[in-house]
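Just below is one structure, and these are the notes that go with it.
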Amino acid sequence: MLPQLMGGCMCYSVESTTDWVAETEAGVELHVVGKKVPAPITYGVGFYSSSCPNAEKIIAAAVIQKWTADKTITAGLLRMFFHDCFIRGCDASILIQSTPRNQAELDAGPNLTIHGLDLIDTAKAALEKACPGVVSCADIIALATRDAVVMSGGPFIAFPTGRRDGRVSRILDVNNLPGPQDTVSDALAAFSSIGLNINDLVSLLGAHTVGVAHCVFFNDRLYDFQATGLPDPTMDVALLASLRKVCPPNLDSFGNAVPLDQGTDFVVDASYFTQIRMNHGILQIDQELTHDPRTVKLIRNIARNFTPFGPSFARSMLKLGNVGVLTGKKGGEIRRICSKIN
């Protein structure tokens, strides 16, 4: 990514693309300027440059409007992107609603708190008006996530586009998602199953630098860790006392939640890694990263900025975004409505 000063703002471009990100004193703007590139045949950066030249501007406008009103949208989109790509690949199957004949992914427990569906629908409606039947819902998720990360201070992720939308969404497939109570070995096995490695595991869990965790996902750490009747001994005692004020015992609803990053909870940065090294991890998997010999050095290097978080996170997001992609006319479809198969 190449920084340039344009019109009083610091702009970042990706070579050979038309994508620009501009940060001004008034806020963050995402827009498309400069030289256009030929659209790739099936999948690549700038895929819509000929078929729907304003596609990325339209998506960016929807993200800016939402982010301005609701800073939690960044975490919501990151979670949506992760949950979508991890199950059947990045095909927007997470957006499909259940029918009388099929229970879809969206109704699975881990997806009941998915946030940002309205943003995807808003962007899709605008795109269908501008370029009917051209831009996939899968690409909307990827590009909206990219833009929200930038607006929250994170790196620009040069996602290729040209994904097509899947036609299958099954609730039972969501059982393959890594869970908040996983061990590092459990999580690594899940990541490895989709072609990701331990560096990707650490980098992508860094997405917990934004967002919240509902008490039901970590209450056992506060009161009855691994059926001992005691709290998790690795949790900082001051944090434990603070969390118990928000999360009473035996809570089984999604009502109460706390920031995953106890430092800068609306900024995409390396604060998460500093926090977990202080035993301030909220979820079990977060804290276990600092105690597993395979990940402890990786955590330390990011926390101390020996390994800059931004580039590492962007690389792993690119890898995740390429999982199970459907391309060309032989795979998937372009949904007219993201929640329904054509």
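Observations
- Counting Lys and Arg as +1 and Asp and Glu as -1 over every other residue whose Cβ lies under 11 Å from the Cβ of Thr234, the net charge comes to -3.
- For the chain, averaging the sequence separation of C-alpha pairs within contact (under 8 Å, six or more residues apart) and dividing by the residue count gives a relative contact order of 20 percent.
- Relative contact order (percent, whole number), region 103-171, Cα cutoff 8 Å, 6+ residue spacing: 42 percent
- Relative contact order (%) - region 238-342, alpha-carbon pairs under 8 angstrom, separation at least six: 15 percent
- Cα-based helix-to-principal-axis angle, 137-151 vs the chain, degrees rounded to 10: 70 degrees
- Taken as Cα centroids, region 117-153 and region 263-307 sit 31 Å apart, rounded to the nearest whole angstrom.
- Accessible area per residue for region 39-195 is 38 Å², calculated with a 1.4 Å probe on protein heavy atoms, without ligands, DNA or RNA.
- Cα-based helix-to-principal-axis angle, 55-69 vs the chain, degrees rounded to 10: 40 degrees
- Full extension of the chain between Asn199 and Val296 yields a length gain of 33.8 nm, computed as 0.36 nm times the residue separation minus the alpha carbon distance.
- Near Asp173, once Lys and Arg are set to +1 and Asp and Glu to -1 for all other residues with Cβ below 9 Å from its Cβ, the sum equals +1.
- Taking packing as the residue-averaged number of other Cβ atoms within 10 angstrom, the listed peptides 317-327, 169-179 run from highest to lowest as 317-327, 169-179.
- Of [x] 37; [y] 29; [z] 22, the label for percent of Cα pairs over 32 Å apart derived from the coordinates: [y]
- The charge dipole of the chain, taken about its Cα centre with unit charges on the Cβ atoms of Lys, Arg (+1), Asp and Glu (-1) only, comes to about 900 debye.
The values are calculated or read from the model by the stated rules, or taken from the named source; none is laboratory data. What you see is a predicted model, and the numbers here were worked out from it, not measured in a lab. Virtual Cβ from ideal backbone geometry, glycine too; neighbours counted across all protein chains shown. For the accessible areas, the whole protein counts, side chains as well, though only heavy atoms, and no ligand, DNA or RNA atoms are used. Shrake-Rupley method; radii C 1.70, N 1.55, O 1.52, S 1.80 Å.
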